[in-house]
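Some notes on the structure that comes next.
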Amino acid sequence: MVQPSIDDRDVAVAGLAGQAAMVARGDLSSVELTRAALARIDVAQGALGAFRIVLADAALRDAADADRRRAGGERLPLLGVPVAVKDDTDVAGETTAYGAGGDWPRAARDAEVVRRLRAAGAVIVGKTTTSEFGQWPTGDSVASGITRNPWDLSRTPGGSSAGSAAAVAAGLVAAALGSDGAGSVRIPAAWTGLVGLKPERGRISSWPDPDPFNGITCIGPLARSVGDLALLLDAVAGNHPGDRARPAPPPATYAALAEEPPGRLRVAVSFAVPPLVDAQVDPEIRAAVLRLAGVLEGLGHGVFEADPDYGLVGLGFLPRATAGSADWAARSGGAPLERATLVDVRVGRALHKWPLRVARALEGGERRRIGRIFERADVVLTPTTAQHPLPVGALEGLGWWRSGKVASRACPFCWVWNTLGWPAMSIPAGRSERGWPMGAQLLGRPGDEPTLLRVAAQLEAIERWGDEWPPYRPAERARQ
């Protein structure tokens with residue numbers, strides 16, 4: 001096992017900004033910080049299964065280079081700080097297996113988002129686990145095994161950005177990137193007590209995928225605090241010339257915008273389940289969201305009940321999602337896939353022509369209809385999930401249709417904003433009687449990540465989410 005050279009109990013809880021400041025001041029070196037992170041990962045991997053690939057040697061080389069650059073006077077926002085990326089993101093020289101088994105080609109170059117991380121000085125310590133092709137709200141896959149929740153090892157951390165969420169929640173790294181095609185950043189954020197952002201479509205480059213999953217999937221940050229999330233977002237936001245969606249940049253850094261007071265906002269609280277989904281909100285989760293609504297009202301915001309007009313928005317989602325799976329399968333070179341994934345791929349191939357074109361054409365009308373809620377509200381508050389974290393293995397052997405039923409009943413609230421391409425954020429909403437984290441979702445109008453960050457930061461100052469840590473603490477075990 002890689003042995004840490006420092007007592008990293010305080011370092012592990014310092015967060016992304018805190019660790020960056022420590023390295024910048026010379027309180028500790030990037031090599032020390034990275035060794036400590038690798039030690040925590042090593043200790044936790046057997047229990048959590050958060051990483052598919054640990055890039056220990058490369059990370060230590062990059063950390064040593066960061067120390068040389070700092071000694072030479074270079075200053076970058078994340079210089080020398082360890083972070084992780086999801087296993088659907090290209091890292092040069094490594095395979096991108098999308099949670100699947102088999103022999104996948106090694107990436108010739110970094111994805112644009114990884115290039116931006118490196119340009120900000122970050123050290124990539126590994127690629128985190130996901131359900132196969134990111135289909136399900138878990139981290140379970142035949143190839144990578146089971147990813148567990150540090151709050152309760154018998155439960156999933158959520159998915160499909162399961163490994164990234166488990167790694168951040170347990171303090172293996174201070175922040176990580178995931179991807180979100182139907183809630184895959186927000187669901188694990190809710191179930192592990194983190195903040196997770198699905199930004200505006202195109203806010204973070206998806207290159208070399210110019211339009212992943214036909215516009216429903218984007219890359220998003222996971223962190224323990226709003227400030228850390230905004231810092232990571234600043235580091236990776238921006239576009240490659242080949243990206244299909246290229247929204248206008250913000251007027252200032254997200255870190256600065258998150259610190260501004262939000263002013264008095266109109267907040268619509270909604271528990272309406274989108275159409276074509278049979279789901280009931282757990283009473284504890286409903287109460288947690290209503291409690292946060294009360295906090296917002298106490299802060300002076302205008303809070304009222306109102307539902308977006310979802311219509312039949314789900315009709316356009318399936319062709320876009322399954323056609324995306326078919327695209328990924330074409331890259332596999334015949335790699336073996338799980339039974340449910342094979343069905344998803346076959347459906348996607350069947351819907352790849354005119355149904356997909358119709359689905360994309362529906363988006364404009366869906367945006368106009370659902371967007372009318374913003375004539376009355378500035379932010380919509382919903383649960384992030386309808387149920388508490390699923391048991392590990394909950395989808396094992398169920399097949400495509402039954403897995404979809406279980407997943408949609410547990411997680412009905414996120415996917416609509418993927419269809420629209422608008423920003424959405426999950427924030428902690430407290431814990432259940434059994435100690436499981438619960439999440440609330442902030443839904444924003446096009447391009448309005450700043451308002452979501454400001455509201456989240458205002459709540460964080462009262463709720464103090466970052467003070468709570470899960471029972472499983474690898475930082476303590478790494479010292480033994």
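Every read-out reported here was derived from the displayed coordinates using simple, explicitly stated rules and does not represent laboratory data. Please read these numbers as outputs of a predicted model, since none were measured by experiment. So basically every Cβ, Gly included, is an ideal-geometry build from the backbone, and we count neighbours across all protein chains shown.
For the stretch 188-203, 3J(HN,Hα) computed residue by residue from phi via the Karplus equation (6.51, -1.76, 1.60; θ = phi - 60°) reads x, 4, 5, 7, 10, x, 10, 9, x, 10, 9, x, 3, 3, x, 4 Hz, glycine and proline entered as x. If R0 equals 35 Å, the separation of the Cβ atoms of Ala47 and Arg360 corresponds to a calculated FRET efficiency of about 0.25. Near Ser160: Cβ cut-off under 14 Å, other residues only, Lys/Arg at +1 and Asp/Glu at -1. The net charge is -2. Highest-first packing order for the peptide set 168-178, 279-289, 359-369 is 168-178, 279-289, 359-369, based on the mean count of other beta carbon atoms within 10 Å. Placing unit charges on the Cβ atoms of the charged side chains and taking the dipole of the chain about its Cα centre, the candidate lying farthest along the positive direction among Asn149, Phe413, Ser432 is Phe413.
Of Val277, Val113, how do they rank once you tally other Cβ atoms within 10 Å and put the fewest first?
Working: Val277 16, Val113 23.
Taking fewest neighbouring Cβ atoms as first place, the list is Val277, Val113.
State the answer as a single residue: which of Gly334, Leu395, Ala14 lies farthest towards the positive end of the charge dipole of the chain, with beta carbon charges of +1 for Lys and Arg and -1 for Asp and Glu, about the Cα centre. Projecting each Cα onto the dipole axis, the largest value belongs to Gly334.
Summed over qualifying helices (DSSP H, 4 residues or more, each -39500 (n - 2.57)) and divided by its residue number, the chain shows a 222 nm mean residue ellipticity of -11500 deg cm²/dmol.
Dipole magnitude for the chain: computed about the Cα centre from +1 point charges on Lys and Arg Cβ and -1 point charges on Asp and Glu Cβ, it is near 780 debye. Name the trypsin sites (Lys or Arg not before Pro) in the stretch 43-97 that are in a loop by DSSP and that have at most 14 other C-beta atoms within 10 Å, would you? Sites meeting the loop and neighbour criteria: Arg75. Ordering Ile285, Ser30, Asn214 by the projection of their Cα atoms onto the charge dipole of the chain, which places +1 on the Cβ of Lys and Arg and -1 on the Cβ of Asp and Glu, puts Asn214 at the extreme positive end. Of Ile204, Ile462, Ile187, Ile146, the sequence from fewest to most neighbouring Cβ atoms within 10 angstrom is Ile462, Ile146, Ile204, Ile187.
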